[in-house]
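Data block below; observations after.
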Amino acid sequence: MSAPGKGPRGVVPAVAVIDGEGVLIGWTRAAEELTGYPGADVLGRPATLLLQPDPTTPPRDRPPRAPEPGTPEDAAPQPSALASSAPQPSAVEGGAAGREGPGEGAAEEAAAPASSAPQHSTPQPGAPANSAPQRNAPQHSAPARGASGEGGPEDAAPASSAPQHSAAGRGAAGRGVGGREGPGEGAPEDVAPASSAPPHSAPQHSVPEGGGVGWEGDTGIPAGGPDARAGLVEVRRRDGARVVVRVEVAPLATERAGESWLVSAIPAADDLSGGTGSLLESLIAHFPVAMAIWDTDLRCVWLNGAAERLERVFPHYHLGRSLTDPVPGVDTEAAQEAMRRVIADGTPMIDREARWAAPDGSEALTLSTSLFRLEGVSGRPLGVCSLALDISHSRARDRLALLREASVRIGSTLDIRKTAQELADLAVPVLADYVTVDLSEETLPDAEPLQRLPATEASIPVFRRAGVASVHDGVPESLWPLGAAVFVPPDSPFTKVLASRRPHFEAVLDTSPGSWLDQDPDRARIIHGTGMHTLIIVPLEARGDILGVAVFVRNANPAPFTRDDLVLAEELVARAALSLDNARRYTRERTTALALQRELLPRELCGGSAVEVASRYLPSAVHEGVGGDWYDVIRLPGPRIALVVGDVTGHGINAAATMGRLRTAVRTLTYLELPPDELLAHLDRLVADESCGDLDAAGATCLYAVYDAATRRCTMAAAGHPPPAVVAPSGEVTFPALPSGTPIGLGMGAFESHSLDLDAGTLLALYTDGLIETRQADLDAGMARLGSALAGAVRMPTLEGLCAAVVGAIVGDGPAEDDVALLMARTRA
């Protein structure tokens, strides 16, 4: 490896030399600045001192503690000649000084026994095999920096107990990156005796699996081949902080220390942002994806230009800022949880979508973020790399948003024409420049049959235009207005779509001679005049029925339709078709129920000589527009007349049919001239017998009154119905205390009659609960409103006008929540 030079953008690499047994023997000023350790604190000590311990690795059994200096085990006799002639390698290969512990001075260093120097002994002739001289690990004693020393015992040991190189071998001071012990370890007290070193042991350069920087066995010796190796390592600084560095290691042969290693380290942040002049640097600098690196404390240690530009909406894209740092208006709890999960289990998180807004609310972006764990050479997690892409304006996202909007906007009502127009409005301009929705006559039951319209020489009426939208004002592309019949040639894409039930797709619209447009000159003229150049026709199909077609055209947008556009058009049309079919079914049922109800209600009311009558019926705008409310006026023999108001529970065709049966039954029982309470009892038994105990059978409430003009007496009975309003000629409004009774259909027959004497000109108002009851008010409050409305309008010249005024005063211009039936009768003089 070449000598250390300038790193990225002028960064000076931190350089150290490690001998073959894992002991630091060289240290530069840049290394001191990177780690905070002066050379005096590290030279002669195991390199594992600088490696961050791995909390995920269980502690290993430590080797036996080294004996104190001067003990017999530590003072093995050495030949003095060899001791005096043995090479004395300096403890500071790089020129740095050693360090003593507190209270120790130079004199003690000078008095150290000769055995503390490295002893390079050779075998003695005739010596036993087991007593062969051993090559003791060199002891790198360091001269004192001062009498008082610096630091504490944790960073400095007495010179006489300098670490033995053999103790830094396998199983001594730690396991390197893969199994390091905690800070401060590797001190002399953890060093095994020199005799534990194998005789003439040489470092074994094992290559870590997968290449890169590794650590041999349990030593601080880098593993690698003859070439330089590189990788990421987490280093512990003297102050306890951690820093991720990029390390390059190469073998180095020295005359005095033998085979060693030259290690060069640069902080990863400087290395990633460095000006290496490589293609990778240019790629990262111009990469449109925001890239950032976060350490295990979730602190941003590096980011590229794209990430810096997103700081306005994500303030934590800032060097040195942690995701845990609070920023007003920004919630990073979910992001913190995601990063910690990736660090813990190593499983990447791909495409996590989140919306981020600037703290001042000026801007908001949707980012798709992916997270990957960064690992050191030992596989230990060093942090997280995040990749974030702004997808706020992506085409795919716009299409998904369009489909979401379609589920909300299309089918907001049960009106067929409005639903068709919603489809056209939604597709312009996101998908097409011009859209039409043409429906068959079966889908529009209230329209004039198309069969009655004459065909032209080349076209026949097939659809009616129900929806149209264009990017151009006035819709110049449309030949027919809304509601008009649409003519198409028998042999055209429109009829083929109806027959095949498959969409028609033309990326480039064929307008050449000989095409189907020859049969439709009017449409050909519009196509050429407005610049239509691409076409999609999709059938509107729901529940097996073809309801019509939707046509998508582009003329302002020069891009032709793609197959993806066809898929999107089919999705929109499928949603719209279901809504159209629901609206069609509702319209058909409502039309039938309204027709049935109109036929079942009395067409004309006649009070004869007894009373003047008028009525008003207002169908509900909420419950399908059809209910079971009814009223009737039945003339009896003599000057008598029966007045009836009823309300069947439920809505729709079933309620209307039940109302018709009850009205017929009441008329039949009335002709028997039964008293009101007996008539209701017969009606109750009749309905109960028909239901045969079916709890879901429709019930009803009813008010039945008989007025005899000869006696001016009115007798009435109620079956769960509110009492009538009685307006005296003076204008006073009262509600008689009428026994309410039980609803019709229960079979209990608990009804009572109540009689009133009415003066000439007295007004009776019979009504259903839809007039007085709302979600905001109960019956009592509704009856009070009715009384006020009657008192204010009693002077109206006609009963018809009075009915309209009362209903208008109570219901107003808004839709009625329930059916309203009002029957008024004024006694004649």
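Figures for the structure shown
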| item | result |
| --- | --- |
| Residue match in region 362-372 (condition: open to solvent by 50 Å² or more (accessible area, probe 1.4 Å), within 18 Å of the chain's Cα centre (by Cα), over 28 Å from Thr296 (Cα atoms) and not polar (S, T, N, Q)) | no |
| Segments classed as strands (runs of 3 or more DSSP E), wholly inside region 715-829, with at least 1 members that are farther than 18 Å from Val644 by Cα, in contact (Cβ under 8 Å) with a residue 40 or more places away in the chain and not hydrophobic (A, V, I, L, M, F, W, C) | 753-757 |
| Unique residue being open to solvent by less than 20 Å² (accessible area, probe 1.4 Å), in contact (Cβ under 8 Å) with a residue 24 or more places away in the chain, of a type in the set (Val, Ile, Thr) and part of a helix (DSSP H, G or I) when the list is Val497, Val486 | Val497 |
| Hits in region 652-688 (condition: open to solvent by 80 Å² or more (accessible area, probe 1.4 Å) and of a type in the set (S, T, N, Q)) | Asn654, Thr664, Thr668 |
| Subset of region 311-334 (residues that are over 13 Å from Ile293 (Cα atoms) and open to solvent by less than 20 Å² (accessible area, probe 1.4 Å)) | Val313, Phe314, Pro315, Thr332 |
| Unmet criterion (only one of (1) open to solvent by less than 40 Å² (accessible area, probe 1.4 Å); (2) of a type in the set (S, T, N, Q); (3) in contact with a helix residue (DSSP H, G or I) (Cβ under 7 Å, 6 or more places away or on another chain)) for Thr762 | (3) |
| Residue match in region 550-563 (condition: in contact with a Phe, Trp or Tyr (Cβ under 9 Å, 6 or more places away or on another chain) and open to solvent by 40 Å² or more (accessible area, probe 1.4 Å)) | yes |
| Hey, Glu337 under 17 Å from Ala290 (Cβ atoms) and loosely packed, with under 15 Cβ neighbours inside 10 Å or not | no |
| Any hit, region 375-383, residues being crowded, with 19+ Cβ neighbours inside 10 Å, over 25 Å from Ala569 (Cα atoms) and either modelled with pLDDT of 95 or more or among the polar types (S, T, N, Q) (or both) | yes |
| Candidates Pro445, Pro481, Pro476 - the one that is touching a residue at least 12 places away in the same chain (Cβ under 8 Å), in a loop (DSSP other than H, G, I, E, B) and more than 30 Å from Thr591 (Cβ to Cβ) | Pro476 |
| Test result for Asp545, over 27 Å from Gly411 (Cα atoms) and modelled with pLDDT under 95 | no |
| Residue check, Gly628 touching an Asp or Glu at 6+ places or on another chain (Cβ under 8 Å) and part of a strand (DSSP E or B) | yes |
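The values are calculated or read from the model by the stated rules, or taken from the named source; none is laboratory data. Note that the coordinates shown come from a computational prediction; the quantities given were computed from them, not determined experimentally. Note: ideal-geometry Cβ built from the backbone for every residue, glycine included; neighbour counts use all protein chains shown. Ligands, DNA and RNA are stripped out before the accessible areas are found, and what is left, the full protein with its side chains, is counted by its heavy atoms. Shrake-Rupley method; radii C 1.70, N 1.55, O 1.52, S 1.80 Å.
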